[in-house]
1. Could you tell me whether B:Ser89 is at pLDDT 95 or above, polar (S, T, N, Q) and closer than 21 Å to A:Gln38 by Cα?
2. Pull up the stretch A:70-106, narrow it to residues that are assigned to a loop (DSSP other than H, G, I, E, B) and under 29 Å from B:Thr31 (Cα atoms), then point me to the one that is nearest to the other protein chains (Cβ to nearest Cβ).
3. Any residue at all in the stretch B:3-18 that's more than 14 Å from chain A (Cβ to nearest Cβ), loosely packed, with under 14 Cβ neighbours inside 10 Å and of a type in the set (Lys, Arg)?
4. Give all pairs with beta carbons closer than 6 Å in which a residue from the stretch B:34-51 that is at the interface with another protein chain (Cβ under 8 Å from one of its Cβ atoms) meets a residue that is surrounded by fewer than 20 Cβ atoms within 10 Å (Cβ to Cβ) and in a loop (DSSP other than H, G, I, E, B); count only pairs at least 6 apart in sequence or on separate chains.
5. Looking at the stretch A:1-25, which of its residues are open to solvent by 70 Å² or more (accessible area, probe 1.4 Å), within 14 Å of chain B (Cβ to nearest Cβ), more than 13 Å from A:His72 (Cβ to Cβ) and not in a strand (DSSP E or B)?
6. Go through (1) part of a strand (DSSP E or B); (2) within 14 Å of another protein chain (Cβ to nearest Cβ); (3) acidic (Asp, Glu) for B:Glu22 and report which single condition fails.
7. In the list B:Arg99, B:Arg104, B:Arg37, which residue meets the criterion of being at pLDDT 95 or above and in contact with a strand residue (DSSP E or B) (Cβ under 7 Å, 6 or more places away or on another chain)?
8. Which condition number does A:Ser28 fail, the rest of (1) open to solvent by 50 Å² or more (accessible area, probe 1.4 Å); (2) touching a strand residue (DSSP E or B) at 6+ places or on another chain (Cβ under 7 Å); (3) more than 21 Å from B:Met45 (Cβ to Cβ) being met?
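The values are calculated or read from the model by the stated rules, or taken from the named source; none is laboratory data. Computed from a predicted structure; not experimentally measured. Cβ: placed from backbone, ideal geometry, glycine included. Neighbour counts: every protein chain shown. Areas reflect the complete protein model, heavy atoms only, side chains present, ligands, DNA and RNA absent. Shrake-Rupley method; radii C 1.70, N 1.55, O 1.52, S 1.80 Å.
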Amino acid sequence: GENVEQHPSTLSVQEGDSAVIKCTYSDSASNYFPWYKQELGKRPQLIIDIRSNVGEKKDQRIAVTLNKTAKHFSLHITETQPEDSAVYFCAAKWVMFGNEKLTFGTGTRLTIIP
Amino acid sequence: GAVVSQHPSWVICKSGTSVKIECRSLDFQATTMFWYRQFPKQSLMLMATSNEGSKATYEQGVEKDKFLINHASLTLSTLTVTSAHPEDSSFYICSASRRLAGDRDTQYFGPGTRLTVL
């Protein structure tokens, strides 16, 4: 199956600085990599995703990069704001017996210091 | 668009009772629904995948007789925790993916159900 590792587990950055979260995956056949933001007690919200046919995708202050050869992908948040504080999960999609499923990383608790 | 609801949002029950959780896609037809369990400060662990009209596929280690899943329509899936015990206390979250070209991969999550078994 797919194994996704995520680092760091906690991250504190000064407001306005950038934050980077990294993930690695094991299944070279994985082709879809979403990032979710989850605030305490709430549902995970998709913030950005990338497919294996591109190396980078950007949406305003958020960007994701993918290195298929090395099997790792990263989330970049620039000009961080207090409302960016949350837990972020990366995930990788893989297929088993015809069923597509996501395997999630262990999460990164991001704290933005005002 | 792509809103998923869950009911109830929280439930407290006695040990040995059964609890049913509903997951609905409100504005789209869900090809597949997924059930996750999330313990405090931990990641989302997939329990099972369900497709409308067919039996759910359970992940290794998840007891299908304990966690009954029914996917009766393209907009509704239910998870029943049978004979619940304190160790079943957790945050249960469903998600759904839709039949839309260019958006088949995205999973839209429900708000979750916090189950506490006394």
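1. On the way: at pLDDT 95 or above: yes; polar (S, T, N, Q): yes; closer than 21 Å to A:Gln38 by Cα: yes.
Yes, satisfied.
2. A:Thr106
3. Yes: one or more hits.
4. Short answer, once both residue conditions are applied: B:Ser43/A:Thr106; B:Leu46/B:Glu59.
5. Residues satisfying the conditions are A:Gly1, A:Ser9.
6. (2)
7. From the options B:Arg99, B:Arg104, B:Arg37, the qualifying one is B:Arg37.
8. Only one criterion in (1) open to solvent by 50 Å² or more (accessible area, probe 1.4 Å); (2) touching a strand residue (DSSP E or B) at 6+ places or on another chain (Cβ under 7 Å); (3) more than 21 Å from B:Met45 (Cβ to Cβ) is unmet by A:Ser28, namely (2).
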